[in-house]
Amino acid sequence: MLVAASAHTWVSQALNGIFAGSIYALFAAGYTLVFGVLDILNLAHSAVFMVGAVLAYTFAVTFGLPFVLALVAATLACAAIGFGIDRVALRPLRARGAPPLSALLTTLGLSLVFINLAEVRFGANSRALPATVALSGSFSLGGIVIPDAKVATLILSIALAGGLEVLVRRSRAGRAVRAVAENPRAAQLMGIDVDAVIAWTLVISSALGALAGILYGLTQHDINPFMGRDQIELKGLAVIVLGTMGSVRGAVVAGYLLGLAEVAALVIFGSSVSFGVAFAALFLALIAFPNGLFRGQALRRV
């Protein structure tokens, strides 16, 4: 059923789409970075998204740390988890020449382990950061109430995604990442430490995933052990495919497109079918652009 909407509703929902797209973009940027370098989907990324939010809640609420300090501590902890994922799960598989499917299944197993551990320690119920913890204020713009947390999410997401794009495209470290993505053997012959590049890629990717999870928990007031699996994993996969797998810039643009498609479907068709309509729009976009919107921007040529 089509839903009539006023201009005020459209503007308000468009802002919500941009705010949601900021989180999708941040999550997908890390997701696609690992694919661009390793040519595998790191299915533990959505679990790291959840762990970041759970740890930030624990540090801020249970231990009473200031929210900014809790955010930094949770992000660093997840960066360390990313390093551990490479050293414990992925590096041994690379050393044995295992096929990409083995790495895919290994990261899927790690994701389930992280979810189960969080369920045991955090509980299965959803929790929200108390209003006294961080950014509970809001302001009005043209009659539209805009929460401070969502504005902070937008600014932080754009800054981090832009910084990642500059790092990959303009820095010496980024050239090493692109060389490993293109041909690891040739990169090694050029003197690049391939294992170190891959480890740092997992570290950066996991830090971005954790930040996306923390910002999601802060703005959506929903932190639980299943938030990565249920709320972001499928959307993140759709975003990196639409944006061209391995393209950070494409993931960011596609993240915002998904956010806007969701709210457009919500306004026009109602909440009951908005999720399906948004993915139908993505499906049509992929028919028109089967290699994604940013084919020439992938770390690895496709």
* If you place +1 on the Cβ of every Lys and Arg and -1 on the Cβ of every Asp and Glu, how big does the dipole about the Cα centre of the chain come out, in debye to the nearest 20? -> 800
* Structure fact -> Projecting the Cα atoms of Leu286, Ile198, Ala212 onto the charge dipole of the range 192-302, where Lys and Arg contribute +1 and Asp and Glu -1 at Cβ, the residue farthest towards the positive end is Leu286
* To do: Please compute the Cα-Cα pair-distance distribution of the chain with 20 Å bins starting at 0, giving whole percents from short to long.
  => 34, 57, 9, 0
* Asked: What's the long-distance tail for the range 170-302, i.e. % of Cα pairs beyond 23 Å?
  -> 45
* To do: Mind telling me which of Ala212, Ala159, Ala98 comes out most flexible in a GNM of the chain, alpha-carbon contacts under 10 Å?
  => Ala98
* Asked: Which whole-Hz ³J(HN,Hα) couplings does the range 59-74 yield from phi under the Karplus relation 6.51 cos²θ - 1.76 cosθ + 1.60, θ = phi - 60°, glycine and proline marked x?
  -> 5, 7, 8, 6, 8, x, 6, x, 4, 4, 5, 5, 4, 5, 5, 5
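Beyond 13 Å, how much of the Cα-Cα pair distribution for the range 150-222 remains, as a whole percent?
70
Taking only the C-alpha atoms, wrap a convex hull around the range 1-153 and report its volume per residue in Å³ as a whole number.
162
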* Most mobile of Val11, Val267, Val61 per a Gaussian network model of the chain (Cα springs, under 10 Å)? -> Val11
* At each listed q (0.14 Å⁻¹), what is the log10 of I(q)/I(0) that the Debye formula gives for the range 68-205 modelled as equal alpha-carbon point scatterers? -> -0.91
* Which of Ile223, Leu90, Ala29 sits farthest toward the positive end of the charge dipole of the chain, with +1 on the Cβ of Lys and Arg and -1 on the Cβ of Asp and Glu? -> Leu90
* To do: Go through 137-147, 24-34 and give me the packing order, highest mean Cβ count within 10 Å leading.
  => 24-34, 137-147
* Might you tell me the accessible area per residue for the range 124-188, computed with a 1.4 Å probe and given in Å²? => 58
* Asked: Nearest 10 degrees, 0 to 90: what angle lies between the long axis of helix 248-269 and the longest principal axis of the chain (Cα atoms)?
  -> 30
* Accessible surface, the range 1-102, averaged per residue in Å² (probe 1.4 Å) -> 41
* Asked: For the Cα atoms of the chain, what angle does the longest principal axis make with the long axis of helix 194-220, in degrees from 0 to 90, nearest 10?
  -> 10
* Out of Asn291, Asn183, Asn224, any idea which swings most in a Gaussian network model of the chain, alpha carbons joined below 10 Å? -> Asn183
* Structure fact -> Per the helix-only model, the chain has a calculated mean residue ellipticity at 222 nm (DSSP H runs of ≥4, -39500 (n - 2.57) each, divided over all residues, rounded to the nearest 500) of -23000 deg cm²/dmol
* To do: Calculate how steeply helix 7-38 sits against the longest principal axis of the alpha-carbon atoms of the chain, using the helix alpha-carbon long axis, and give the answer as 0 to 90 degrees to the nearest 10.
  => 10
* Just for the Cα atoms in the range 4-48, what are the lengths along the principal axes, largest first, rounded to whole Å? -> 46, 19, 16
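Using a 1.4 Å probe on the protein heavy atoms, what percent of the accessible area of the chain belongs to carbon and sulfur?
Summing carbon and sulfur atoms, their accessible area is 67 percent of the total for the chain.
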* Asked: Net charge near Gly162, counting Lys/Arg +1 and Asp/Glu -1 over other residues with Cβ under 12 Å of its Cβ?
  -> +2
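The values are calculated or read from the model by the stated rules, or taken from the named source; none is laboratory data. Predicted model, so just to flag it, every value in this text is computed and none were measured. Using ideal geometry, Cβ is built from the backbone for each residue, glycine included, and neighbour counts are taken over all protein chains shown. What goes into the accessible areas is simple: the full protein's heavy atoms, side chains included, and nothing from ligands, DNA or RNA. Shrake-Rupley method; radii C 1.70, N 1.55, O 1.52, S 1.80 Å.
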